[in-house]
Every structure is written in C-alpha cells, then in structure tokens.
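Read through the structure below, which is laid out as structure tokens, and then see the notes.
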Amino acid sequence: MLVVDDEPGLRDMLSILLRREGLEVTLAPGFVSGCDAVKNTPEPYGVVLTDLVMPDGSGLDLLSLSKQRSPQTEVIVMTAHSTLETAVDAMRRGAYDFVTKPFATAELRALVHKALEKRAIVAENVR
C-alpha cells in the first residue's frame, strides 16, 4: 500500500501501524512523490492512503491518477480540512472513503482492511 502525507510524524506513525498489520508500505512525503510512486510501481497499489491538502498538490488529483492507473486501487483520503463538498468530490472521483484527522487508529486499521477485502473480492469476481 502507499501512504502519502506531508507530515513526517503522521507518515511514520501510519507506517508503523500498517506494517504491524503485516502490510507492505511505501511512503511518499508529498503529492509529487506520491504521483511518481503510483506511475512507477510495477504492480498497482492495493490501497492508497493520501492526505487531501499538501504543499505540492492535492490528494484529489492523486486519487484521480491512482484510479486512472488502476481502477481496482482503493483510495482513502485523509484531511484535517473537511467540508461536505470535498468529501462528495472525493467519492465522485472513486474514493473508497474519506477520513477526518485526527482519527482513531483502530478505525483506520479496520477501514484499510475493508478496502483490501473489497479489492480482493472484485479481483476474484473478475477472474
């Protein structure tokens, strides 16, 4: 999975949390590096967890790129700047879910597992 956030502390915490869950995690410190990761990975990510507002770009644009590269990739958008319009826009662009910071780690962990489960079911149906 790919974690994209410009806050180093949050990025590190998410990396530890998700690796403890047995997930392989790639970290990107911002929009540009997140886009590079999405474009250059040999296999599309199962889940992309991205911040909405970053100094070098928008998580919504990363969401669109991720879905364009692989429609099966599930994208969870995180933000401290939540508005109803932004959440609706994220869902229209294909986000799996929209999470407001601060969030409970147990809640996020469960959400990531549900996104991975959905992706697995969709892949199985395609096969």
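A few notes on this one:
- Gly30 vs. criteria within 29 Å of Glu124 (Cβ to Cβ), touching a residue at least 24 places away in the same chain (Cβ under 8 Å) and surrounded by 15 or more Cβ atoms within 10 Å (Cβ to Cβ): no
- Of residues in the range 88-111 being among the β-branched types (Val, Ile, Thr) and open to solvent by 50 Å² or more (accessible area, probe 1.4 Å), the one modelled with the lowest pLDDT: Val88
- Filtered residues of the range 77-87 (kept if more than 15 Å from the chain's Cα centre (by Cα), surrounded by 14 or more Cβ atoms within 10 Å (Cβ to Cβ) and in a helix (DSSP H, G or I)): Thr86
- Residue tally, condition acidic (Asp, Glu) and either within 13 Å of Val4 (Cβ to Cβ) or surrounded by fewer than 24 Cβ atoms within 10 Å (Cβ to Cβ) (or both), over the range 59-74: 1
- Scope the range 37-76; condition under 25 Å from Met13 (Cα atoms), charged (D, E, K, R) and part of a helix (DSSP H, G or I); matching residues: Lys39, Asp61
- Any hit, the range 73-87, residues being of a type in the set (D, E, K, R), out of contact with any strand residue (DSSP E or B) (no Cβ under 8 Å at 6 or more places or on another chain), within 19 Å of Ala115 (Cβ to Cβ) and at pLDDT below 95: no
Here's the yes/no breakdown for (1) at positive phi; (2) of a type in the set (D, E, K, R); (3) in contact with a Leu (Cβ under 9 Å, 6 or more places away or on another chain):
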position	(1), (2), (3)
Leu23	no, no, yes
Phe31	no, no, yes
Asp56	no, yes, no
Leu65	no, no, no
Met91	no, no, no
Lys101	no, yes, yes
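- Tabulated pairs, the range 75-90, first farther than 15 Å from Glu7 by Cα, second among the β-branched types (Val, Ile, Thr), C-beta under 6 angstrom, 6+ apart or interchain: Val75/Val48; Ser82/Thr100; Ala90/Val77
The values are calculated or read from the model by the stated rules, or taken from the named source; none is laboratory data. Since the structure is predicted, the reported quantities are computational estimates derived from the model, not experimental observations. For neighbour counting, all protein chains shown are included, and Cβ atoms are generated from backbone atoms with ideal geometry for every residue, glycine included. When the accessible area is computed, the model is the full protein with side chains, heavy atoms only, and any ligands, DNA or RNA have been set aside. Shrake-Rupley method; radii C 1.70, N 1.55, O 1.52, S 1.80 Å.
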